[in-house]
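Written out below as structure tokens is the structure these notes cover.
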Amino acid sequence: MATITDVICPFCGTLCDDIEVVVNGSKIESARHACKIGNSKFLSINDIPRPIKPLIRENGASREASIDEAIAKAAEILSNSKRALLFGWSSTSCEATAVGIEIAEEIGGLIDGTTTVCHGPTVMAVQYVGLPSVTLGEIKNRADLVIYWGANPMHAHPRHLSRYSIFPRGYFRERGQQDRELIVVDVRKTDTAKIANHFIQVEFGKDYELLSALRMIVNGGELEEEEVAGVPKEKIIELADKMMNCQFGILFFGMGLTMSPGKHRNIDNAISLVKNLNRHTKFSIMPMRGHWNVTGFGEVMTWQTGYPFAVDFSRGYARYNPGETSANDVLQREEVDAVLVVASDPVAHFPRKSVAHLARVPMITIAPHHSLTTELSEIFIPSSMVGIEEEGTAYRMDTVPLFTRKVIDPPQGVLSDVEILKRILEKIREMR
């Protein structure tokens, strides 16, 4: 029995770094301090049967193959494609994403991540108006007003409240929750809203209007309407007053804001509200990123291509135009003739029309477990789990880079995402 401390949990964008993993040989006994979801991810190593051998589909049936054969066939498909899509990346390391970008550039394909269907509007809004953000550590130590807008961390980021926002004792918030105020803005009373000091129920699709009303008051204007977005005038004025008079405020927002009508304009307005508030007090804003390294995907993409997601290399250089070069758009227009999926399950989450095209083209999947996507794949290459069986770099939701640890060895013969992708890239270059 051995206890490995300071392990980073590879589940959500909170990247909790205080996990203590108890290992007995090749088995994980427990993951202390992890939330229920994080704990289940660590323990899934023991319970879920792991695929070891690559699978190649021929004549409607799958057969086991050697890793060399699977890599050679994957490289052949990608090398011969005229316009391939490389998708996923949010549940693997930054090092794997870097190799994926090289492959996309080498074959003149498109590369996109799960950002395109979650916080893509956030990234686009930040390009328009910037982001007055902060680290989670600063929030823990300083924030006396915490707002969750269109987010439910009690379910999606279970330890976010206890580690960074409401409950922890900070340097300037020694009494923890007693020194803070929690406000939740959402279309329904979520479990997070049930523990809030104030819950503002906004009418569905009217977030933009409520944000605009708050900006009007913060900027010294008069609100003429008695109700905006289903919220009474008095409540809006009270909320604006609390925001202007706090010592340090933070606005966390989730997909309730990014994926409701208005999309990136909602985020643009929210960021602009925070900028307006900084004339009165110190206020910051932060997206509640979901997958544990979805932020890292955008960071690496921006370093290497100049763009955060939905990048097209088909013209020989990086081109970015969400709505044209993003994954669902090219799939629904049936423009791609091959797909490489890494650490993702688009078949389980994409619209039906996109999945229909995924079923028609050769698809290669690199992932630790079987999924709906592997069932439709022509080639499935099992990989190790980054953050548990392999180390690698990840970015927390506040863009702080952390290095995940390895706690056990992967099954014999199972390679890491980085190693598989590097070998595919080498094989493509040999073929060319």
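Across region 321-346, the qualifying residues are those that are under 21 Å from Thr305 (Cβ atoms) and of a type in the set (S, T, N, Q), and the one among them that is surrounded by the fewest Cβ atoms within 10 Å (Cβ to Cβ) is Asn321.
Which pairs do you get when a residue that is aromatic (Phe, Trp, Tyr), found in region 72-91, comes within reach of a residue that is assigned to a loop (DSSP other than H, G, I, E, B), reach meaning Cβ atoms under 8 angstrom, with the pair 6+ apart or on two chains? Once the first residue is aromatic (Phe, Trp, Tyr) and sits in region 72-91, its partners that are assigned to a loop (DSSP other than H, G, I, E, B) give Phe87/Ser344; Trp89/Asn293; Trp89/Ala343; Trp89/Ser344. Taken together, Tyr317, Tyr307 contain a single residue that is under 20 Å from the mean Cα position of the chain (by Cα), closer than 13 Å to Ala104 by Cβ and free of Cβ contacts under 8 Å to residues at least 40 places away in the same chain, which is Tyr307. Checking region 336-345 against the condition returns no match, with no residue being over 20 Å from the mean Cα position of the chain (by Cα) and free of Cβ contacts under 8 Å to residues at least 24 places away in the same chain. Here His349, His369 are screened, and the one residue that is touching a residue at least 40 places away in the same chain (Cβ under 8 Å), surrounded by fewer than 20 Cβ atoms within 10 Å (Cβ to Cβ) and under 17 Å from Ile48 (Cα atoms) is His369.
Per this entry, Arg279 is not counted among residues that are out of contact with any His (no Cβ under 6 Å at 6 or more places or on another chain), surrounded by fewer than 24 Cβ atoms within 10 Å (Cβ to Cβ) and in the same structural domain as Pro362 (by TED's automatic domain parsing).
Among the conditions (1) touching a residue at least 60 places away in the same chain (Cβ under 8 Å); (2) outside the structural domain of Asp337 (by TED's automatic domain parsing); (3) of a type in the set (A, V, I, L, M), Ile166 misses just one, which is (1).
In contact with a strand residue (DSSP E or B) (Cβ under 9 Å, 6 or more places away or on another chain), under 19 Å from His157 (Cα atoms) and aliphatic (A, V, I, L, M): which single residue out of Val231, Val185 fits that description? Sole residue among the options that is in contact with a strand residue (DSSP E or B) (Cβ under 9 Å, 6 or more places away or on another chain), under 19 Å from His157 (Cα atoms) and aliphatic (A, V, I, L, M): Val185.
Scanning region 115-139 for residues that are surrounded by fewer than 23 Cβ atoms within 10 Å (Cβ to Cβ) and not in a helix (DSSP H, G or I) gives Cys118, Gly130, Leu131, Pro132, Ser133, Val134, Thr135. Scanning region 63-89 for residues that are closer than 22 Å to Gly108 by Cα and surrounded by fewer than 24 Cβ atoms within 10 Å (Cβ to Cβ) returns Ala72, Lys73, Ala75, Glu76, Ile77, Ser79, Asn80, Ser81, Lys82, Arg83. Checking the stated criteria, Ala75 turns out not to satisfy the condition of being outside the structural domain of Pro158 (by TED's automatic domain parsing) and in contact with a strand residue (DSSP E or B) (Cβ under 6 Å, 6 or more places away or on another chain). Among the conditions (1) at pLDDT below 95; (2) crowded, with 20+ Cβ neighbours inside 10 Å, the only one that Asn24 does not satisfy is (2).
In the condition set (1) farther than 17 Å from Thr122 by Cα; (2) touching a residue at least 12 places away in the same chain (Cβ under 8 Å), Gly221 is compliant with all but (2). None of Lys41, Lys36 is loosely packed, with under 12 Cβ neighbours inside 10 Å and either in contact with a Pro (Cβ under 9 Å, 6 or more places away or on another chain) or assigned by TED's automatic domain parsing to the domain that holds Pro158 (or both) except Lys36. Region 301-375 holds no helices (runs of 4 or more DSSP H) entirely within its bounds that carry 1 or more residues that are touching a Lys or Arg at 6+ places or on another chain (Cβ under 7 Å) and of a type in the set (A, V, I, L, M).
The values are calculated or read from the model by the stated rules, or taken from the named source; none is laboratory data. The model shown is predicted, which means the values in this text are computed figures rather than measured ones. Please note: Cβ atoms are built from the backbone with ideal geometry, for glycine as well, and neighbour counts cover all protein chains shown.
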